[in-house]
1. From the list 25, 66, 41, which one is closer than 23 Å to residue 145 by Cα, under 15 Å from the mean Cα position of the chain (by Cα) and of a type in the set (D, E, K, R)?
2. For region 105-146, enumerate the residues that are in contact (Cβ under 8 Å) with a residue 12 or more places away in the chain, in a helix (DSSP H, G or I) and either more than 16 Å from the chain's Cα centre (by Cα) or over 14 Å from residue 76 (Cα atoms) (or both).
3. When the residues of region 12-44 are narrowed to those that are over 16 Å from residue 95 (Cβ atoms) and in contact with a strand residue (DSSP E or B) (Cβ under 6 Å, 6 or more places away or on another chain), which ends up surrounded by the most Cβ atoms within 10 Å (Cβ to Cβ)?
4. Considering only residues that are of a type in the set (Lys, Arg) and under 12 Å from residue 149 (Cα atoms), look in region 102-133 and name the one that is surrounded by the most Cβ atoms within 10 Å (Cβ to Cβ).
5. Using the structure shown, decide if residue 99 is surrounded by 19 or more Cβ atoms within 10 Å (Cβ to Cβ) and either among the charged types (D, E, K, R) or assigned to a helix (DSSP H, G or I) (or both).
6. The conditions are (1) in a strand (DSSP E or B); (2) in contact with a Phe, Trp or Tyr (Cβ under 7 Å, 6 or more places away or on another chain), and residue 78 fails exactly one of them. Which is it?
Amino acid sequence: MITLRPLTAENRAALEALRLEPSQERFVNNVSEALLEADEEPGGRAIQFGLYDDDTPVGFVMISDEVDGPDYIAHYLWKLLIDRDRQRKGYGTAALDLVSTYFRERGNAEMWTTAGEGDGGPIPFYERYGFVRTGDMVFDDEVLLRLDLT
C-alpha cells in the first residue's frame, strides 16, 4: 500500500537518505535542501511527507496549501522526489494521485506545480498525468503547470 506520512523526527533521516539520479539534480533538490528551502520560505507554509510503500520510504513530497500572500502559490506541489532505485515503478504517479486527492478533498478545483525545462526533466511526466503548461515562467526559470481537479 502506497501512503503519504508526515515528516517527523523519527523518519527524517530515512527520508534524507533518498537519492536522485545525478542527471536529475538540476531539476529537483535533495530532501535536506528542500527542507532548508521550506525554512527559508515560511510564507509557503510547506507540508512535508514521506512516500511509503508499506513501511519502506520510496519518496518525498512537499506541498503548499494555504499560503501567506501572492508571492506564493496555493495548492502547489512544491517538491516530488522518488528515490533513484525506485523510479519507473509507478511511485511518482501514486504520489500525484495522493496529492491531487488531498487537494480535491479540501475543495480545491486545481493544483499547480513548476518544473525546469531540459533533457531528462520532469515536464513530460507531469503532462502525461494531465498537467498543462500555463505559458508562464516563474521563479526565474521554471514552467508553471496546472492540473484541473474537477
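Every number in this text was worked out from the coordinates using simple rules, so none of it is lab data. All figures in this text were calculated on a predicted structure; none of them were measured in a lab. Glycine gets a Cβ as well: all are built from the backbone with ideal geometry, and neighbour counts include every protein chain shown.
1. It is 25.
2. Within region 105-146, the subset in contact (Cβ under 8 Å) with a residue 12 or more places away in the chain is 106, 108-118, 120-123, 125-127, 129-134, 138-139, 141-146.
Add one more test, that the residue is in a helix (DSSP H, G or I), and what stays is 123, 125-127, 129.
Matches in region 105-146: 123, 125, 127, 129.
3. Step one: filter region 12-44 for residues over 16 Å from residue 95 (Cβ atoms), giving 12-14, 16-17, 19, 21-23, 25-26, 29-30, 32-33, 35-44.
Filter once more, keeping what is in contact with a strand residue (DSSP E or B) (Cβ under 6 Å, 6 or more places away or on another chain): 14, 38, 44.
Working: 14: 13, 38: 19, 44: 23.
The extreme case among them is 44.
4. So the first thing to find is which residues in region 102-133 are of a type in the set (Lys, Arg), and the list is 104, 106, 128, 133.
Next, from what is left, pick out any that are under 12 Å from residue 149 (Cα atoms): 104, 106.
On the way: 104: 15, 106: 11.
So the residue we want is 104.
5. Values: surrounded by 19 or more Cβ atoms within 10 Å (Cβ to Cβ): yes; either among the charged types (D, E, K, R) or assigned to a helix (DSSP H, G or I) (or both): yes.
The answer is yes for residue 99.
6. Looking at each condition in turn, residue 78 falls short on (2).
Listed here are the residues, each with its yes/no results for (1) of a type in the set (S, T, N, Q); (2) under 26 Å from residue 21 (Cα atoms); (3) touching a Leu at 6+ places or on another chain (Cβ under 9 Å).
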residue	(1), (2), (3)
103	no, no, yes
110	no, no, yes
114	yes, yes, yes
127	no, yes, yes
